[in-house]
Amino acid sequence: MRFLESLYFKISFFVIVIQIMVMSGIGIVYYNSFSNQLDAALKERIEIPAKLLESSRGRLVSIQDREAVRVQVGENVTDVLVVNKNGTVLFSLQPELSGKKVAAVSTLDASWFDFENPQTIFQEVTENEEPYLISITPIGSTVGGEITLFVYAKAGTAVTRAQKAQVAQLVIGSTVITVIATYMILFFLFYTQVFKRVGQVVSMLRQVGEGNLNVRIPDIRANDEISTLQRQFNSMVEKRSQTETTISELNKNLQTLNEGLEQRVIERTHELNLAKEEAERSNSVKSQFLASMSHELRTPLNAIINLSQFVSRGVMGEVNEEQKESLDLVVSSGQHLLNLINDVLDISKIEAGALKLFVESEINVSDVLQPIIATAQSLVHNKPIEIVTEIEADLPEITGDKRRIAQIMLNLVSNACKFTETGQVTIGAKVQDSSILLSVTDTGPGIAADDRQAIFETFRQTETGLKSGAGTGLGLPISQRLAEAHGGRLWVESEVGQGATFYVSLPIQVETLTPTLL
Amino acid sequence: MKQNIHALIIDDNRTDQMILSRLLSLEGVQVSQIFNPAELEANLQVLDDVDIVFVDLEMPNLNGYEVFQILKQYLGDAVPLVACTVHTSEVNTVRDLGFNSFLGKPLKSNQFSAQFHAIMEGKPVWEFK
């Protein structure tokens, strides 16, 4: 902040300018008045001789007494002369000039005493570098009559000038002193009332800016604007300090809460982990149980199926038609039961992630499909359905689990035959990209959009499925998982009323499917 | 294939023994049976005349794998050793261990003949569905 921008300068400048103007104004007025007074007084004195003569109509007797005249005109009037028409000095305060001719006095100008054109003269002259005032008045002997005399009076103005000068100095001096005094007083006032206090506030604000909230302005006694500022400062810092305290407390609380929360999260995660492990263990136990039970469930079927078959075939003696039929039913029921158990076993292994493929290389897909085609034909023998094959020649051999591939295709083909009443079922196999694409197309009722996902979910049978009876609802989900286990995919394309095609793609080469025994 | 094939069945389940034995006799095979595998260790000589051995995997006292070790040690690779069990998920282990073939129970009587001949001809059969 430059000085010219300071509050002090702004205020003091105007104060002092006005002060100067006022004091000058007053001073000038006073000086003029005084000066005029002096001049008037001198003029009065200087005109006394003329007045005396006038009132006595030019009779010299009125001013004969030099001493009296001197007293009356005062010390400043240095000379009084009365001059007649002849140019003779009839009277003079300076006796040596009496009787002289005007022309003989060097200090007199003859043109002043022009009886032809008498004029009143009142002017300043300089003699010997001293200033004088002269007054020349023509006097007439009668009222309005001819002029017979001139009265000349001279007064030195040096004194009055000096007096005037003195007054002028006084005026100027007092103005200057007042201005200086005002300047100093103003400065003092500003300093103590404004600079100091404002400066204090500024420096304390700086401290607050740097983070020190402990500063307070002490000892605020006044009640003016700056003390208001000071009090506001204090209260602001106080509030800020309180706010900081509150904030830091809140932070602490937050931190505590956070820690508490973290702790809870850790605890909860631990609990969840334990629960998860428990669930997994339980699941695993169930899966193992299921797996082993499934195996156990199959044991009796060895006897049920095979022994019934032996008898039915007459291996243990002749049987009649009815016996054969009955035993065949036992056999087929047993086989059905076996299928159900196998499905449950498969799905439980799949869900437990424990399904293992029996991988072999050089699987001829066409060979795998042959028995399935045969099965298909037997499934539709009593329906007007044709089994069509579209198997490409020279399909490459693939690596995989032969039985599982057969299982998938058998599942798809049985479904196709089950759900189709008339038309055809097409079994296809061809190469596509680096996979073999198998397909089963039927001319059945098709699958609605909503169902296309549901059919692959375990234990979900669509309405159509349920209506067509016997089944676990596990065939398709198992088939899909088996396809995926081979690194492939199983999906369906279908519209209601336009049949359905199930596709299975099996990669020809899959890295993770290396046979365990080569 | 020579006549009078002699098969040995090692299985503690009498019903299963009966079924397999019947299937084998239908093929004209002579059948010997061991119900308690502990007997085998004491009577290894019964193996001298055997052309094929069927081993159940789940038996008390000695399980099929231990039996397999004994058989392998005695017979080497001369005779096909067939695992015959309801635990079809063991098929990979069975193959890795060195069994020649695997027949899952329940046995498929319609396919047994073909399977048996294949095994006797040295072709491994892995039937576990």
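Would you please name the residue that is most open to solvent (accessible area, probe 1.4 Å), looking only at residues in segment A:348-368 that are assigned to a helix (DSSP H, G or I) and either within 9 Å of chain B (Cβ to nearest Cβ) or under 14 Å from A:E484 (Cα atoms) (or both)?
Just the residues of segment A:348-368 that are assigned to a helix (DSSP H, G or I), to begin with: A:348-351, A:365-368.
Applying the additional criterion that residues be either within 9 Å of chain B (Cβ to nearest Cβ) or under 14 Å from A:E484 (Cα atoms) (or both) yields A:349-351.
Values: A:K349: 26, A:I350: 27, A:E351: 117 Å².
Within segment A:348-368, the match that is most open to solvent (accessible area, probe 1.4 Å) is A:E351.
Anything in segment A:425-456 that is at pLDDT below 85 and more than 20 Å from A:I478 (Cβ to Cβ)? List them, or say none.
Passing the criteria: only A:D450.
When you check B:A83 against the structure, is it farther than 17 Å from B:R14 by Cβ and in contact with a helix residue (DSSP H, G or I) (Cβ under 7 Å, 6 or more places away or on another chain), yes or no?
Values: farther than 17 Å from B:R14 by Cβ: yes; in contact with a helix residue (DSSP H, G or I) (Cβ under 7 Å, 6 or more places away or on another chain): yes.
For B:A83, the condition - farther than 17 Å from B:R14 by Cβ and in contact with a helix residue (DSSP H, G or I) (Cβ under 7 Å, 6 or more places away or on another chain) - is met.
Where the second residue is surrounded by fewer than 15 Cβ atoms within 10 Å (Cβ to Cβ) and of a type in the set (A, V, I, L, M) and the first is within 18 Å of A:E210 (Cβ to Cβ) and lies in segment A:225-243, which pairs have Cβ atoms under 8 Å and are six or more apart or on separate chains?
As it stands, the answer is A:F233/A:L205, since those pairs meet every condition given.
Mind checking which residues of segment A:117-139 are closer than 15 Å to A:R161 by Cβ and open to solvent by less than 90 Å² (accessible area, probe 1.4 Å)? Explain how you work it out, then say what you get.
Step one: of segment A:117-139, the residues closer than 15 Å to A:R161 by Cβ are A:124-127, A:129-133.
Result: A:V125, A:E127, A:E130, A:P131, A:Y132, A:L133.
Output the residue which, of all residues in segment A:284-308 that are under 12 Å from A:A352 (Cβ atoms) and open to solvent by 70 Å² or more (accessible area, probe 1.4 Å), is nearest to the other protein chains (Cβ to nearest Cβ).
Checked segment A:284-308; the qualifying residue nearest to the other protein chains (Cβ to nearest Cβ) is A:Q288.
Would segment A:254-263 turn up any residue that is within 14 Å of chain B (Cβ to nearest Cβ) and at pLDDT below 90? It would help to see each step written out before you state the result.
Applying the first criterion (within 14 Å of chain B (Cβ to nearest Cβ)) to segment A:254-263 yields none.
No, that holds for no residue.
If only one of A:A110, A:A50, A:A104 is free of Cβ contacts under 8 Å to residues at least 12 places away in the same chain and of a type in the set (G, A, S), which one is it?
Numbers: A:A110 fails: free of Cβ contacts under 8 Å to residues at least 12 places away in the same chain; A:A50 fails: free of Cβ contacts under 8 Å to residues at least 12 places away in the same chain.
Every option except A:A104 fails the conditions.
If the requirement is being under 29 Å from A:E210 (Cα atoms) and in a helix (DSSP H, G or I), which of these qualifies: A:E280, A:E271, A:E249, A:E262?
Being under 29 Å from A:E210 (Cα atoms) and in a helix (DSSP H, G or I) holds for just one of A:E280, A:E271, A:E249, A:E262, which is A:E249.
Which members of segment B:1-18 meet the condition of being of a type in the set (V, I, T) and within 14 Å of another protein chain (Cβ to nearest Cβ)? Walk me through it before giving the result.
Restricting attention to segment B:1-18, the residues satisfying the condition of being of a type in the set (V, I, T) are B:5, B:9-10, B:15.
Correct list: B:I9, B:T15.
Restricting the first residue to segment A:326-347 and requiring it to be free of Cβ contacts under 8 Å to residues at least 24 places away in the same chain, which pairs with a second residue that is part of a helix (DSSP H, G or I) and open to solvent by 40 Å² or more (accessible area, probe 1.4 Å) meet a Cβ separation below 7 Å and a spacing of at least six or different chains?
Short answer, once both residue conditions are applied: A:L327/A:V311.
Just to be sure, is A:I447 within 23 Å of A:H486 (Cβ to Cβ) and open to solvent by less than 40 Å² (accessible area, probe 1.4 Å)? Step through it out loud before you land on a result.
Working: within 23 Å of A:H486 (Cβ to Cβ): no; open to solvent by less than 40 Å² (accessible area, probe 1.4 Å): yes.
Judged against the criteria, A:I447 is not a match.
Name, by its number, the condition in (1) over 21 Å from B:D16 (Cβ atoms); (2) open to solvent by 60 Å² or more (accessible area, probe 1.4 Å) that does not hold for B:T93.
Tallying (1) over 21 Å from B:D16 (Cβ atoms); (2) open to solvent by 60 Å² or more (accessible area, probe 1.4 Å), B:T93 fails exactly one: (1).
Take the residues of segment B:101-118 that are assigned to a helix (DSSP H, G or I) and not hydroxyl-bearing (S, T, Y): which is farthest from the other protein chains (Cβ to nearest Cβ)? Show your work before the answer.
Initially, segment B:101-118 is screened for residues assigned to a helix (DSSP H, G or I), giving B:109-118.
When the remaining residues are screened for being not hydroxyl-bearing (S, T, Y), the result is B:110-112, B:114-118.
Details: B:N110: 8, B:Q111: 11, B:F112: 9, B:A114: 12, B:Q115: 14, B:F116: 14, B:H117: 18, B:A118: 14 Å.
Checking each candidate, the answer is B:H117.
At pLDDT 85 or above, open to solvent by 100 Å² or more (accessible area, probe 1.4 Å) and closer than 30 Å to A:K196 by Cβ: is that true of A:K239 in this structure? Outline the logic, then answer.
On the way: at pLDDT 85 or above: yes; open to solvent by 100 Å² or more (accessible area, probe 1.4 Å): yes; closer than 30 Å to A:K196 by Cβ: yes.
So A:K239 passes the test.
Just one of (1) open to solvent by 20 Å² or more (accessible area, probe 1.4 Å); (2) within 14 Å of another protein chain (Cβ to nearest Cβ) trips up B:F128, so point out which.
Of (1) open to solvent by 20 Å² or more (accessible area, probe 1.4 Å); (2) within 14 Å of another protein chain (Cβ to nearest Cβ), only one is false for B:F128: (1).
So which of B:G76, B:G98 is farther than 22 Å from A:L297 by Cβ and either within 13 Å of chain A (Cβ to nearest Cβ) or open to solvent by 50 Å² or more (accessible area, probe 1.4 Å) (or both)?
Values: B:G76 fails: either within 13 Å of chain A (Cβ to nearest Cβ) or open to solvent by 50 Å² or more (accessible area, probe 1.4 Å) (or both).
Unique residue meeting the criteria: B:G98.
Please find, among A:I177, A:I139, the residue that is over 60 Å from the mean Cα position of the chain (by Cα) and hydrophobic (A, V, I, L, M, F, W, C).
One residue alone meets the criteria, A:I139.
I'd like the full set of residues that are open to solvent by 70 Å² or more (accessible area, probe 1.4 Å) and either closer than 20 Å to B:V91 by Cβ or free of Cβ contacts under 8 Å to residues at least 24 places away in the same chain (or both), limited to segment B:115-124. Quick ask: steps written out before the conclusion?
Step one: filter segment B:115-124 for residues open to solvent by 70 Å² or more (accessible area, probe 1.4 Å), giving B:121, B:123-124.
Scanning segment B:115-124 gives B:K123, B:P124.
Could you list all residues from segment B:23-60 that are assigned to a helix (DSSP H, G or I), in contact with a Ser or Thr (Cβ under 9 Å, 6 or more places away or on another chain) and within 25 Å of A:S308 (Cα to Cα)?
If we filter segment B:23-60 for residues that are assigned to a helix (DSSP H, G or I), which is where we start, we get B:23-26, B:37-42, B:44-49.
When the remaining residues are screened for being in contact with a Ser or Thr (Cβ under 9 Å, 6 or more places away or on another chain), the result is B:23, B:26, B:46, B:49.
Those that are assigned to a helix (DSSP H, G or I), in contact with a Ser or Thr (Cβ under 9 Å, 6 or more places away or on another chain) and within 25 Å of A:S308 (Cα to Cα): B:L23, B:L26.
Go through segment A:219-228 and give me each residue that's open to solvent by 80 Å² or more (accessible area, probe 1.4 Å) and either part of a helix (DSSP H, G or I) or modelled with pLDDT under 85 (or both). Spell out the reasoning first.
Filtering segment A:219-228 for residues open to solvent by 80 Å² or more (accessible area, probe 1.4 Å) gives A:219, A:221, A:223, A:225.
Residues satisfying the conditions are A:D219, A:R221, A:E225.
Test B:I9 against the criterion of being of a type outside the set (S, T, Y), outside any helix (DSSP H, G or I) and at negative phi, and give yes or no. Spell out how you get there, then give the answer.
Working: of a type outside the set (S, T, Y): yes; outside any helix (DSSP H, G or I): yes; at negative phi: yes.
Taking the combined requirement at face value, the residue satisfies it.
Restricting attention to helices (runs of 4 or more DSSP H) lying wholly within segment A:1-116, give those where 3 or more residues are surrounded by 14 or more Cβ atoms within 10 Å (Cβ to Cβ) and within 60 Å of the chain's Cα centre (by Cα).
A:7-46
Run A:M316 past the list (1) in a helix (DSSP H, G or I); (2) open to solvent by 70 Å² or more (accessible area, probe 1.4 Å) and report the number of the one that doesn't hold.
(1)
Might you let me know whether segment B:30-51 holds any residue that is within 14 Å of chain A (Cβ to nearest Cβ) and of a type in the set (G, A, S)? Outline the logic, then answer.
First pass over segment B:30-51, keeping only residues within 14 Å of chain A (Cβ to nearest Cβ): none.
No - not one qualifying residue is present in segment B:30-51.
Among B:S25, B:S21, which is the only one that is within 13 Å of another protein chain (Cβ to nearest Cβ), buried (at least 18 other Cβ atoms within 10 Å of the Cβ) and closer than 16 Å to B:L8 by Cβ?
Working: B:S25 fails: buried (at least 18 other Cβ atoms within 10 Å of the Cβ).
Exactly one residue qualifies, and that residue is B:S21.
The values are calculated or read from the model by the stated rules, or taken from the named source; none is laboratory data. These numbers come from a predicted model, not from an experiment. Ideal geometry is used to build each Cβ from the backbone, glycine not excepted, and the neighbour counts take in all protein chains shown. Surface accessibility is based on the protein's heavy atoms, side chains included, excluding ligands, DNA and RNA. Shrake-Rupley method; radii C 1.70, N 1.55, O 1.52, S 1.80 Å.
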